[in-house]
1. State which residue pairs qualify: first residue farther than 18 Å from Lys69 by Cα and inside segment 29-57, second residue at pLDDT below 95 and surrounded by fewer than 17 Cβ atoms within 10 Å (Cβ to Cβ) in any location, beta carbons under 7 Å apart, and separation of 6 or more residues or different chains.
2. Given the condition polar (S, T, N, Q) and either over 19 Å from the mean Cα position of the chain (by Cα) or surrounded by 17 or more Cβ atoms within 10 Å (Cβ to Cβ) (or both), answer yes or no: does some residue in segment 54-61 qualify?
3. So which residues in segment 68-87 are surrounded by fewer than 21 Cβ atoms within 10 Å (Cβ to Cβ) and at negative phi?
4. Of all residues being aliphatic (A, V, I, L, M) and assigned to a loop (DSSP other than H, G, I, E, B) in segment 1-32, which is modelled with the lowest pLDDT? Just the residue, please.
5. For segment 116-148, how many residues are buried (at least 18 other Cβ atoms within 10 Å of the Cβ) and within 23 Å of Thr203 (Cβ to Cβ)?
6. Just give me the residues in segment 35-69 being farther than 24 Å from Glu106 by Cα, part of a helix (DSSP H, G or I) and among the β-branched types (Val, Ile, Thr), in sequence order.
7. Please specify each residue of segment 120-138 satisfying the condition of being assigned to a helix (DSSP H, G or I) and within 16 Å of Glu161 (Cβ to Cβ).
Amino acid sequence: MNLQEAKILITGGSTGIGYETAKLLVNKGAKVVICSRNKEEIEKIANEIGAIGLAADVSDETSVNILFKNAIEKLGGLHAVINNAGIGLIAPLVETSVADFTKIWETNVKGAFMVGKEAAKYFVEKNEGNIINIASTAGSKGFAGGSAYCASKFALTALTECWRAELRKNNVRVMQVNPSEVITPFAEKIGYKNNPTGKLKPTEIAHTIAAMLEMNDVGFITDLTVWATNPQ
């Protein structure tokens, strides 16, 4: 894909991986829409980096449908969707409420599913497109306290594999990035306060996403896991 001609939608674009990816893609010449729940915040951030900001809640079907309608209208089309919106929780099994578990799944699984579904509708009609799901190494190996979060990322991996099998015949590249520990506001919100020395930063993941999109459309990277070289 030539990023200078690309039109890209990124969910969860106000901070962390989504923000840095949007910033990098804009710098490479792409037209980018980013979204988050807070309208004023996302519009302010988008203006700062040269993107388009739209308010949307990916856990709500109507909101997702409106997001795609507006994004395609403002971009004049769509070539790639980066399914990045997500929330986390670290808590022991016996302290994880059903409400907390459900909240994680509403965004990380149902939300990703609805975004992927709308992307697929558009891309199948055009017979081309790119979907990148941002999962995690937590989607391949669980850890203590990760019942809700890990389960959601395992589920996202399953969605990626299903979509890839379904959409490959329509020239839709379905890809997945699995970051390990990344120091972002997201990490702080779920109580991750370990020493950031040697840990990944969102810019590394943004670089990864851009490289996956830039590969000539004749090929694609199915899954890419990013680890810190020597985390402290």
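1. As it stands, the answer is none, since no pair meets every condition given.
2. If we filter segment 54-61 for residues that are polar (S, T, N, Q), which is where we start, we get 59.
Next cut, either over 19 Å from the mean Cα position of the chain (by Cα) or surrounded by 17 or more Cβ atoms within 10 Å (Cβ to Cβ) (or both) only: 59.
Yes; the residues of segment 54-61 include at least one that is polar (S, T, N, Q) and either over 19 Å from the mean Cα position of the chain (by Cα) or surrounded by 17 or more Cβ atoms within 10 Å (Cβ to Cβ) (or both).
3. Lys69, Asn70, Ile72, Glu73, Lys74, Leu75, Ile87
4. Taking segment 1-32 first, the residues aliphatic (A, V, I, L, M) are 1, 3, 6, 8-10, 17, 22, 24-26, 30, 32.
Those left that are additionally assigned to a loop (DSSP other than H, G, I, E, B): 1, 6, 30.
Values: Met1: 93, Ala6: 98, Ala30: 98.
The selected residue is Met1.
5. Final tally of qualifying residues: 9.
6. Those that are farther than 24 Å from Glu106 by Cα, part of a helix (DSSP H, G or I) and among the β-branched types (Val, Ile, Thr): Ile45, Ile49.
7. To start, the set of residues in segment 120-138 that are assigned to a helix (DSSP H, G or I) comprises 120-126, 137-138.
Within segment 120-138, Ala120 is the sole residue that qualifies.
The values are calculated or read from the model by the stated rules, or taken from the named source; none is laboratory data. No experiment lies behind these values; they were computed from the predicted model shown. Ideal geometry is used to build each Cβ from the backbone, glycine not excepted, and the neighbour counts take in all protein chains shown.
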